[in-house]
Amino acid sequence: MRTHLHGVENTENIENNSYRIIAVDDEEGIVDSLSIFLKRSGYDFTGVTDPQQAIQLVKEEHFDLMILDFIMTPFHGDQVVEEIRKFNKDLYILLLTGHKDLAPPLETIRRLDIQGYCEKSDKFDQLLLLIESGIKSIKQMNEIKEINAKLSDTYEKLEQAYLDSIKTLRYTIEAKDVYTRGHSDRVAAISVLIGKKLGLSDEDLHTLEIGGLFHDIGKIGVPDSILLKESKLTDEEYSQIKQHPNIGVHILSNASIFDDILPIVEHHHEKYDGTGYPGKLAGNDIPYLARIATIADSFDAMASRRAYRDSLDLDTIISEFERCRGTQFDPELDDIFLDILKNHYDEIQEIQEKYKPEQ
């Protein structure tokens, strides 16, 4: 958001200028408009109309973020991304579409690691929000890489540094919304509780804990206007929300220490019947620990107060887990959790009390 305070605006522009953005669109007018808009916002901007030239530029120079038209000649945007991903896995890519019906399928977006997309418009407000969110993600990835370079000699120090860095990001997300504060801590603790009932190893319990803490880290890449919206989301806004698992993986995959939790981060919104996202995985194709985290995440969502509803009572929550057994949730894991809800609910209440939101 731009400000009328001259000194603050200059500071924002100086900071933005450290990030390089390349836009690719075969319509010269679009490139010119983006150039004016983004340079005015302080970004280091390069615009090209030739997709092949764009691929070559990304090979030869460093860019932080790409804005890419989907329908272009001589080849489409997904083909451009296909080529770029062969040699550059880190470039943050936002896809522009002339109409939402012309957008590539979700499978293609996920496979090519495209972080977001929006429809073309005479106004660039929505695009600027996505760019600002993308820059936040890029900044965090860069910080992780710097920590990795400095502390690679000591695993223990490296682990703590990563955890501290990502915790700061996690707290930034939760600080936005009073209703979600403590959510990740509760998901982590409840996941571990389920894991203990299953007799999992200490290593798996540790993975569940860290995965639960950071499962929603990708929400830093979702615009606040969508994340905090109290009314019903539009289809396009919901599509942006559904990108947060992929964005989370994009952020955390720069550090090998997080390799074990990536399946949890990526797949905690999958459903047992295959109707979830982002991969539409079903049954045993969903990573086992992710299936556990899904139950913990869903429970806390039901048990937590939201801006648009109060928390659900225990009987209603039990009914939901019985109803969704075998559809949303792994039936065997669902049975374990129903036993906890019916016979050991005091253990969950201890977790809720420990990590309750500040009033």
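The values are calculated or read from the model by the stated rules, or taken from the named source; none is laboratory data. What you see is a predicted model, and the numbers here were worked out from it, not measured in a lab. Positions of Cβ are backbone-derived with ideal geometry, glycine not excepted, and every protein chain shown enters the neighbour counts. All accessible areas refer to the heavy atoms of the entire protein, side chains included, with ligands and DNA or RNA removed. Shrake-Rupley method; radii C 1.70, N 1.55, O 1.52, S 1.80 Å.
Search the stretch 280-297 for residues being in contact with a Phe, Trp or Tyr (Cβ under 8 Å, 6 or more places away or on another chain) and assigned to a loop (DSSP other than H, G, I, E, B), and hand back the single one that is most open to solvent (accessible area, probe 1.4 Å).
The first filter runs over the stretch 280-297 and keeps only residues in contact with a Phe, Trp or Tyr (Cβ under 8 Å, 6 or more places away or on another chain), leaving 282-283, 286, 291, 294-295.
Next cut, assigned to a loop (DSSP other than H, G, I, E, B) only: 282, 286.
On the way: A282: 40, I286: 4 Å².
Taking the candidates together, the pick is A282.
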Among the residues in the stretch 44-59, are any closer than 21 Å to K136 by Cα, open to solvent by 10 Å² or more (accessible area, probe 1.4 Å) and free of Cβ contacts under 8 Å to residues at least 24 places away in the same chain? no
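Can you find even one residue in the stretch 277-291 that is touching a Ser or Thr at 6+ places or on another chain (Cβ under 7 Å), within 28 Å of G248 (Cα to Cα) and touching a residue at least 60 places away in the same chain (Cβ under 8 Å)? Let's see the steps before the verdict.
Kept after step one, since they are touching a Ser or Thr at 6+ places or on another chain (Cβ under 7 Å), are these residues of the stretch 277-291: 289.
The next check asks that each one be within 28 Å of G248 (Cα to Cα); those that pass are 289.
Add one more test, that the residue is touching a residue at least 60 places away in the same chain (Cβ under 8 Å), and what stays is 289.
There is at least one residue in the stretch 277-291 that is touching a Ser or Thr at 6+ places or on another chain (Cβ under 7 Å), within 28 Å of G248 (Cα to Cα) and touching a residue at least 60 places away in the same chain (Cβ under 8 Å).
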Can you find a residue in the stretch 298-312 that is farther than 20 Å from I220 by Cβ, in contact (Cβ under 8 Å) with a residue 40 or more places away in the chain and part of a helix (DSSP H, G or I)? yes
Can you find a residue that is open to solvent by 20 Å² or more (accessible area, probe 1.4 Å) and touching a residue at least 60 places away in the same chain (Cβ under 8 Å) anywhere in the stretch 316-330? no
